[in-house]
Amino acid sequence: MACRSGCCCGSSGPINEDNARFLLLALFIVLYLLCGAAVFSALEQPKEREAKARWAQRFEHFSQKHNLSRRDLRNFLRSYEEANVAGIRVDTVRPRWDFTGAFYFVGTVVSTIGFGMTTPATIGGKIFLMFYGLLGCAATILFFNLFLERVITVIAFVLKSFHERRHNKAVLPQNGRRASEGEKAGRAEVGAVGKREELAGWKPSVYCVMFILGAAAILVSCCASLMYSAAEGWGYLDSLYFCFVAFSTIGFGDMVSSQRISYEGHATAAYRVGNFFFILTGVCCIYSLFNVISIVIKQVLNWLLRRLEASCLLHCCFPRRGPHPHRHPRRNVVAPGHLRACRDPSIETDAINESETDPGRRMSGEMISMRDFLAANKVNLAIMQKQLSEMAVGHPRQSGGSCSHQNGFSGGVGALGIMNNRLAETSVDR
């Protein structure tokens with residue numbers, strides 16, 4: 001892998017910092033999947049083998065007891081599997097496609113939970129689901145992003161209020177003597193100016209926000225688990241497992257709440273309202289927590305890139321041969337902070353590419369190279385993305401004098417764009 005300083009440990013040339021971060025994240029996800037597969041295989045494979053052996057014994061015993069051929073019994077079981085897909089169960093359950101059942105189904109669709117216990121069986125239902133889910137999932141993701149924006153704003157406001165109170169206590173006179181009116185006025189004026197300067201750029205830490213969101217998610221999950229344990233008869237640990245699977249929109253479908261026709265000793269309507277409330281609140285909390293954790297993961301990736309930069313500088317920063325006299329510096333080369341100059345991050349001024357530095361070839365009428373063609377398309381795409389972002393926000397983005405990619409968090413889309421410059425770790429002026 002090429003180092004961030006613009007030099008290259010291999011023959012492929014320098015690599016962009018965003019691309020390096022993307023490759024590190026892809027490598028981390030692959031390793032994470034391999035480790036997860038190894039752990040789950042070690043934990044669940046013995047149980048699967050025991051279940052298969054037990055089922056084979058029961059199948060053989062049932063066919064001999066009732067004098068049935070294995071072929072007839074398998075055909076009967078296939079028929080039950082088809083009925084199971086249509087929503088037919090051995091135990092009595094609530095109707096799947098009445099209005100309340102259909103409302104529960106569309107809720108699992110637009111929230112991307114998709115338990116799988118109810119699926120459309122008709123061609124018309126499957127076709128309608130494609131178009132319905134396309135708009136519904138997009139609208140729900142927008143709702144989650146807006147919820148995240150307001151949660152971050154509220155948390156930042158509360159934390160900033162506590163910070164101001166702690167700051168006000170720190171500036172009080174500590175000698176205990178009574179100050180004169182002039183001293184009080186002067187101290188108040190100086191303190192107000194210093195306070196405004198100090199608190200102007202204060203932002204909450206991502207770790208505080210992550211702790212608050214984690215505590216909120218745990219509180220909602222624990223309260224919901226108490227309700228599910230009492231109403232569904234599940235164990236408390238199984239209820240916690242269901243809460244995480246449902247709130248994180250994984251939705252395996254092995255455990256699904258609110259599927260009975262009625263609940264003995266419980267108000268059925270109140271339980272279903274509570275189930276809807278806890279799932280909605282839990283999904284919003286877990287979604288916000290996931291996005292804040294992604295900021296921490298990105299910080300770890302930035303730390304790894306800095307370590308790779310430090311190790312790469314030892315081998316690549318002092319090359320034995322000098323630079324090529326006709327080689328121009330590449331754009332988007334990731335150089336360390338003390339070696340690269342901070343340019344204006346505006347897209348329009350960034351449109352200058354290497355082809356413009358060679359006027360002789362430009363004026364000679366020579367055919368444009370593929371590199372120049374790709375560079376021009378990249379600039380046009382960046383301008384279009386900037387215009388779409390400004391239309392979505394409602395006002396043009398301010399381009400300050402500092403580097404927009406100084407800390408690796410500037411820009412971004414979706415939830416990362418919402419949290420950009422709202423937390424201390426994502427601020428460009430850190």
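Side notes on the structure shown:
- Taking the charge dipole of the stretch 17-90 about its Cα centre, with +1 at Lys and Arg Cβ atoms and -1 at Asp and Glu Cβ atoms, the residue from PHE28, ALA51, SER69 reaching farthest to the positive side is SER69.
- Difference of contour (0.36 nm per residue) and Cα-Cα distance, LEU34 to PHE76: 11.3 nm
- FRET efficiency for GLN64 and VAL90, using Cβ-Cβ distance with R0 set to 25 Å, rounded to 0.05: 0.65
- Compared with the direct C-alpha span, the chain from ALA121 to ALA102 gains 5.5 nm at full extension, assuming 0.36 nm per residue.
- Accessible surface for the stretch 111-165, divided over its residues, is 63 Å² per residue with a 1.4 Å probe.
- For CYS208, the accessible area of its heavy atoms, probed at 1.4 Å with every protein chain present, is near 60 square angstrom.
- Probe 1.4 Å, accessible area per residue of the stretch 17-90, Å²: 86 Å²
- Computed on the Cα trace of the stretch 17-90, the radius of gyration divided by the Kirkwood hydrodynamic radius gives Rg/Rh = 1.32.
- Look at where the Cα atoms of the stretch 65-102 and of the stretch 235-299 average out, and the two centres are 27 Å apart.
- In the stretch 246-294, the portion of solvent-accessible area held by carbon and sulfur atoms comes to 69 percent [1.4 Å probe, whole percent, DNA, RNA and ligands not counted].
- Atom-type composition of the exposed protein surface of the stretch 17-90 places 62 percent of the accessible area on carbon and sulfur (1.4 angstrom probe).
The values are calculated or read from the model by the stated rules, or taken from the named source; none is laboratory data. Keep in mind that what you see is a predicted model, and the values were worked out from it rather than measured. With ideal geometry, Cβ positions are generated from the backbone for all residues, glycine too; neighbour counts draw on all protein chains shown. For accessibility, only protein heavy atoms count, side chains too; no ligands or nucleic acids. Shrake-Rupley method; radii C 1.70, N 1.55, O 1.52, S 1.80 Å.
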